[in-house]
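Below you'll find the structure, written out as structure tokens, and then a few comments.
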Amino acid sequence: MTVDNVTLIGMPGSGKSTVGVLLAKALGYGFLDTDLVLQQQEDALLQEIIDRHGVPYFLEAEEKAICSVSCHHHVIAPGGSVVCREGAILHLKAMGPVIYLRVPLEELKTRIHNMDSRGIALEPGQTLEDILTIRAPLYEQYADYVVDAVPGQPLARSVAQVLELLDRRM
């Protein structure tokens, strides 16, 4: 089985980075977290970018960082807000299949304990539920495949589900 790149999208806390590393190992690919690219380009942590410049600036900087990525045989884990800027998600889609790791709100709430410092693109007053309501249709729209995370399911199961989807694609 070979695809050029695989991108995992989903909400903060959906397991993109953890599943991504395990998937990269299983495929023999590299792993790229685009949040790290953004932090290097901006010379600041995600939360610092949001606090200093606001969410619109953050989303523009994120799009620029993602559009600067060029790689082969990688699993890519962008920030959860990648779908908020069409240029960013379309760049990733052009590089290979996009898989949405869909996680129920209640499970996300149990996974995320650092909303104020994690670097989540939230406007003042917005909740995790608010951004899920906005982003879920976009994740669905841009995903080539959807993997539903079952609460309590080992992450290895999500990796196996992604591998099965990619295998069927070939």
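Laboratory data are not the source of any read-out in this text; all were calculated from the coordinates shown. All of these numbers come straight from a predicted model, not from anything done at the bench. Note that each Cβ is placed from the backbone with ideal geometry, even for glycine, and that neighbours are counted across all protein chains shown.
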**Study point:** Scaled radius of gyration (Cα, divided by 2.2 N^0.38 Å) that the stretch 5-169 gives
**Key:** 0.97
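Once fully extended, how much extra length lies between C67 and Q41, figured as 0.36 nm per residue of separation less the alpha-carbon to alpha-carbon distance? Don't skip to the end; give the middle numbers.
Working: separation 26, 0.36 × 26 = 9.36 nm, distance 1.22 nm.
Roughly 8.1 nm would be gained on extension.
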Review point. So what is the calculated 222 nm ellipticity per residue for the chain, using -39500 (n - 2.57) for each DSSP H run with n of 4 or more, over all residues, to the nearest 500 deg cm²/dmol?
Key: -16000 deg cm²/dmol
**Study point:** Under-5 Å amide H pairs with Y100, H placed in peptide plane, nonlocal only
**Key:** I9, D144, Y145, V146, V147
Exercise for review: May I ask you to compute the full-extension gain from V150 to E48, defined as 0.36 nm times their residue separation minus their alpha-carbon distance, rounded to one decimal in nm?
Suggested key: 33.5 nm
**Study point:** I134-F31 pseudo-label distance in nm [points 7 Å out on the Cα-to-Cβ vector]
**Key:** 2.9 nm
**Study point:** C-alpha center-to-center spacing [the stretch 79-132, the stretch 1-51] in angstrom
**Key:** 12 Å
Review point. To the nearest 0.05, what FRET efficiency results for R111 and E86 with a Förster distance of 22 Å applied to their C-beta separation?
Key: 0.20
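Past the 25 Å Cα-Cα mark, which pairs from K64/K109; K16/K109; K25/K64?
Those over the limit are K64/K109; K25/K64.
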